[in-house]
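The values are calculated or read from the model by the stated rules, or taken from the named source; none is laboratory data. Fair warning: this is a prediction, and the values are worked out from it, not measured in the lab. Every residue, glycine as well, gets a Cβ built from its backbone with ideal geometry; the counts of neighbours run over all protein chains shown. Accessible surface is based on the protein model in full, side chains and every heavy atom, while ligands, DNA and RNA are left aside. Shrake-Rupley method; radii C 1.70, N 1.55, O 1.52, S 1.80 Å.
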Amino acid sequence: MLIREALAQGSADLKYAGMQSPGLDASLLLAHVLNTTRTAIIAAGPEKLSEKNCALYCELIERRAGGECVAYITGKKEFRRLEFFVNKFVLVPRPDTETLVEAAAGLIPVKRREEINVLDLCTGSGAAAISLKYEMPELEVSAADICANALEVAKQNADKLLGKNKINFFQGDLFCALVKSPFPVQYSLIISNPPYIPSGEIQSLSLEVQNEPLLALDGGEDGLDIIRKIIKEAPKYLRHKGYLLLEADSRQMDMISVLLEKNGFNDIQLFKDLGGSNRVIGGKNEI
């Protein structure tokens, strides 16, 4: 079978399975099998695909058709032009979360970066924390997650993209992950992409999203269980006039704004994603 024939067949199989981007997915999977790029795949169309690679490609197409996302199959996902390792223990980094990174970067004074310390809660793959440190090496960045397996993924990504010991990692439930002391560290900026999907909506999500870790998706009855905890505890760990930034669903922003105001935050700001929806909300700590 020629490469272009394999690509066409894979695309057709994924389209039949109901995948939203069958051509893109098929080309990414074939590029992974051949250890090359999508561009090179197109150029190599008339070349023959070996029996071994053809069998492997068919296996990956079958996995994708069964609802497993491309990132889990290939073990990688691009985020802010960096390639992150991902597996079943972490959410796949999404373009929407780049809004969180961009909002954080916009709040950090260029001339005072070395004075800024940032905490990323529910870090998952580490995409947000690592991207900030990569783009602004002067920052002191810490990251925490309740899942030990997820934190191992984040550490692997940090070691690969930044070098060892560039980020402080803590394992535990939200702020409980931080090192216990009578005087907790206070941060200039706390960011988080926490679980915020209402429990009753999870079964209505696409199969590939349902295959991602429930712990990182389920935000309780209204999706705000974890967000409430973060907002309530954050003032203890934020410097005066420090900022808290949260990724959430656009439908939740009004409720989150009220929660922020009730817990001593003002200067509430909203940040839109690439689709024009409110994706990130933040406030300044006045306590």
(request) Scan Leu259, Leu189 and give me the residue that is at pLDDT 95 or above, assigned to a strand (DSSP E or B) and among the hydrophobic types (A, V, I, L, M, F, W, C). (result) Leu189
(request) Would you point out the residue of segment 69-109, among those that are farther than 19 Å from Gly282 by Cβ and aliphatic (A, V, I, L, M), that is surrounded by the most Cβ atoms within 10 Å (Cβ to Cβ)? (result) Val90
(message) Which condition from (1) open to solvent by 20 Å² or more (accessible area, probe 1.4 Å); (2) of a type outside the set (Val, Ile, Thr); (3) within 20 Å of Val179 (Cα to Cα) is the one that Leu238 breaks?
(response) (1)
(message) Residues to consider are Ala65, Ala148; find the one that is touching a residue at least 24 places away in the same chain (Cβ under 8 Å), surrounded by fewer than 22 Cβ atoms within 10 Å (Cβ to Cβ) and either of a type in the set (A, V, I, L, M) or in contact with a helix residue (DSSP H, G or I) (Cβ under 7 Å, 6 or more places away or on another chain) (or both).
(response) Ala65
(request) Please find, within segment 241-267, the residue that is least open to solvent (accessible area, probe 1.4 Å) out of those that are among the small types (Gly, Ala, Ser) and over 15 Å from Thr99 (Cβ atoms). (result) Gly242
(request) Report whether or not Ala158 is modelled with pLDDT of 95 or more and either in a loop (DSSP other than H, G, I, E, B) or surrounded by fewer than 20 Cβ atoms within 10 Å (Cβ to Cβ) (or both). (result) no
(message) Only one of Leu274, Leu270 is of a type outside the set (Asp, Glu), in a strand (DSSP E or B) and surrounded by fewer than 17 Cβ atoms within 10 Å (Cβ to Cβ). Can you tell me which?
(response) Leu270
